[in-house]
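Engineer: One structure, as structure tokens, below. Some questions next.
The values are calculated or read from the model by the stated rules, or taken from the named source; none is laboratory data. Predicted, not measured: the structure shown is a model, and the values here were computed from it. As a convention, Cβ positions derive from the backbone with ideal geometry for all residues, glycine included, and neighbour counts pool all protein chains shown.
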Amino acid sequence: MISLSIGKLRGLQRISTSRGIFTCLALDHRQNLRKANPAFVNDIVLSRFKLDVTAILAEYSTAVLLDPEVSAAQAIAAGVIPKQAGLVVAVESTGYTGRPTARQSQVLPGWSIEKAKRMGADAVKLLVYYHPDSPTAGEVEAFVKQVADDCRKYDLAIMLEPLSYPLDPAAKKLSSDEKRYAVIETARRLTPFGVDVLKAEFPLDIVDRDESAWAVACAEISAASVTPWILLSAAVAFETFVRQITVACKAGASGIAVGRALWQEAISLDGEARFAFLRTTGCERLSRLTALCSELGKPISDFYKADASFDWYKRY
């Protein structure tokens, strides 16, 4: 059991259910959305899409994950984040610097953990591109620790999203075995740096259909991570994600962060067609995912406790 600060624990409570399970609506995407719909090159159009999705779906989630560039402040100003939903704000720049086989990440210039705290975020999300055997692995580890230290300073919960990649310049993606190694070893190496929630990739390639192997690999993430972990959707088909969630939560996951698997069809829609899709298919999907995670997920109370002695404020 890890002793967590009052501020961090309150943040995790705000972005999870009363039982301590996460169903986070992920809308922090930037460049991949612009690639998916050329109209989103316009910040106003991209922001409108994110606010439309938030307005309809956030009430069915425990939290909404937004970016600081076109959606976090805008969603607050527009009043589309329901009071019962927490707010997680991304801190990283979109994309990466460095070579494709030695990737590096950075905090968005002009943005900071202090600003995220001041604007009312319940937690922040940091995305890093990481491979345990990359030449930049040590630099990424130091970067994660630095950001986690800043979160500790401002008593703000941090959700870490490490994305794996192949070290072979000729490979477009990791093989299933390589991905399993990378995802599990990443959990082992990065979660001890002060991470509060790990937002993990599914640990096998989607072409691997053996659910017994899924269960073993997900259990290995649970064993490797010192913090609660949640499954990201990575734009897989919705029904595939349902199967992945079922296996992952039974193996120790604490919920999900779901983006394109939930709302990707809405990217090409506009106006009333977009709202109609979100109000029907979108709401039905997210309600189903929330019920599934609530039933099967491992609560944060299995990981964290806090010191609430009567003199705590003197040491805070």
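Engineer: Give the number of residues within the stretch 143-172 that are in a helix (DSSP H, G or I) and within 20 Å of the chain's Cα centre (by Cα).
Structural biologist: Matching residues across the stretch 143-172 total 10.
Engineer: Moving on to the next point. Going by what's in this entry, would Leu46 be described as more than 30 Å from Asp270 (Cα to Cα), hydrophobic (A, V, I, L, M, F, W, C), in contact with a helix residue (DSSP H, G or I) (Cβ under 8 Å, 6 or more places away or on another chain) and buried (at least 21 other Cβ atoms within 10 Å of the Cβ)?
Structural biologist: Numbers: more than 30 Å from Asp270 (Cα to Cα): no; hydrophobic (A, V, I, L, M, F, W, C): yes; in contact with a helix residue (DSSP H, G or I) (Cβ under 8 Å, 6 or more places away or on another chain): yes; buried (at least 21 other Cβ atoms within 10 Å of the Cβ): yes.
Here the answer is no, as Leu46 does not meet what is asked.
Engineer: Another one. Suppose we filter Ala234, Ala291, Ala308, Ala257 for residues that are farther than 30 Å from Val41 by Cβ and either in contact (Cβ under 8 Å) with a residue 24 or more places away in the chain or of a type in the set (Asp, Glu) (or both); which single one remains?
Structural biologist: One residue alone meets the criteria, Ala308.
Engineer: Taking Gly271 as the residue in question, decide whether it is among the small types (Gly, Ala, Ser), under 22 Å from Glu284 (Cα atoms) and surrounded by fewer than 23 Cβ atoms within 10 Å (Cβ to Cβ).
Structural biologist: Here the answer is yes, as Gly271 does meet what is asked.
Engineer: Tell me which residues, restricted to the stretch 195-215, are without any contact (Cβ under 8 Å) to a residue 12 or more places away in the chain and either buried (at least 18 other Cβ atoms within 10 Å of the Cβ) or aliphatic (A, V, I, L, M) (or both).
Structural biologist: Ala213
Engineer: For residues in the stretch 275-301 being in contact with a Gly (Cβ under 8 Å, 6 or more places away or on another chain) and surrounded by fewer than 19 Cβ atoms within 10 Å (Cβ to Cβ), which is modelled with the lowest pLDDT?
Structural biologist: By that ranking, first place goes to Ser301.
Yes/no per residue for (1) at positive phi; (2) of a type in the set (A, V, I, L, M, F, W, C); (3) at pLDDT below 95:
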{"position": "Pro192", "(1), (2), (3)": "no, no, no"}
{"position": "Asp196", "(1), (2), (3)": "no, no, no"}
{"position": "Asp210", "(1), (2), (3)": "no, no, yes"}
{"position": "Ala217", "(1), (2), (3)": "no, yes, no"}
{"position": "Ile221", "(1), (2), (3)": "no, yes, no"}
{"position": "Ala224", "(1), (2), (3)": "no, yes, no"}
{"position": "Ile230", "(1), (2), (3)": "no, yes, no"}
{"position": "Ile245", "(1), (2), (3)": "no, yes, no"}
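Engineer: Here are the criteria: (1) modelled with pLDDT of 95 or more; (2) more than 17 Å from the chain's Cα centre (by Cα); (3) on the phi < 0 side of the Ramachandran plot. Tell me which single one Leu57 does not satisfy.
Structural biologist: The one condition Leu57 does not meet is (2).
Engineer: Would it be correct to say that Ala116 is in a loop (DSSP other than H, G, I, E, B) and aliphatic (A, V, I, L, M)? Show your work before the answer.
Structural biologist: Working: in a loop (DSSP other than H, G, I, E, B): no; aliphatic (A, V, I, L, M): yes.
Spelling it out, it is not the case that Ala116 is in a loop (DSSP other than H, G, I, E, B) and aliphatic (A, V, I, L, M).
Engineer: Let me ask something additional. Go through the stretch 83-121 and report how many residues are of a type in the set (Asp, Glu) and either surrounded by 22 or more Cβ atoms within 10 Å (Cβ to Cβ) or free of Cβ contacts under 8 Å to residues at least 12 places away in the same chain (or both).
Structural biologist: Applying the first criterion (of a type in the set (Asp, Glu)) to the stretch 83-121 yields 92, 114.
Going one step further and asking which of them are either surrounded by 22 or more Cβ atoms within 10 Å (Cβ to Cβ) or free of Cβ contacts under 8 Å to residues at least 12 places away in the same chain (or both), we end up with 92.
Residues flagged as of a type in the set (Asp, Glu) and either surrounded by 22 or more Cβ atoms within 10 Å (Cβ to Cβ) or free of Cβ contacts under 8 Å to residues at least 12 places away in the same chain (or both) within the stretch 83-121 amount to 1.
Engineer: Which residues, counting only those in the stretch 234-252, are outside any loop (DSSP other than H, G, I, E, B) and either acidic (Asp, Glu) or out of contact with any Phe, Trp or Tyr (no Cβ under 6 Å at 6 or more places or on another chain) (or both)?
Structural biologist: Scanning the stretch 234-252 gives Phe238, Glu239, Thr240, Phe241, Val242, Arg243, Ile245, Thr246, Ala248, Cys249, Lys250.
Engineer: Next question. So Glu141 passes all but one of these: (1) surrounded by fewer than 21 Cβ atoms within 10 Å (Cβ to Cβ); (2) under 16 Å from Tyr96 (Cα atoms); (3) touching a Ser or Thr at 6+ places or on another chain (Cβ under 9 Å). Which condition number does it fail?
Structural biologist: The one condition Glu141 does not meet is (3).
Engineer: To continue, here is another question. Considering every residue within the stretch 173-187, establish whether at least one is surrounded by fewer than 16 Cβ atoms within 10 Å (Cβ to Cβ) and assigned to a loop (DSSP other than H, G, I, E, B).
Structural biologist: yes
Engineer: Of all the residues that make up the stretch 122-136, how many are within 16 Å of Tyr165 (Cβ to Cβ) and either buried (at least 17 other Cβ atoms within 10 Å of the Cβ) or in contact with an Asp or Glu (Cβ under 8 Å, 6 or more places away or on another chain) (or both)?
Structural biologist: Selection size over the stretch 122-136: 8.
Engineer: Quick check on Val242: is it of a type outside the set (Lys, Arg), farther than 29 Å from Leu51 by Cα and over 15 Å from the mean Cα position of the chain (by Cα)?
Structural biologist: Values: of a type outside the set (Lys, Arg): yes; farther than 29 Å from Leu51 by Cα: no; over 15 Å from the mean Cα position of the chain (by Cα): yes.
So Val242 fails the test.
Engineer: Kindly indicate whether Gly95 is small (Gly, Ala, Ser), part of a loop (DSSP other than H, G, I, E, B) and farther than 18 Å from Ile15 by Cβ.
Structural biologist: So Gly95 passes the test.
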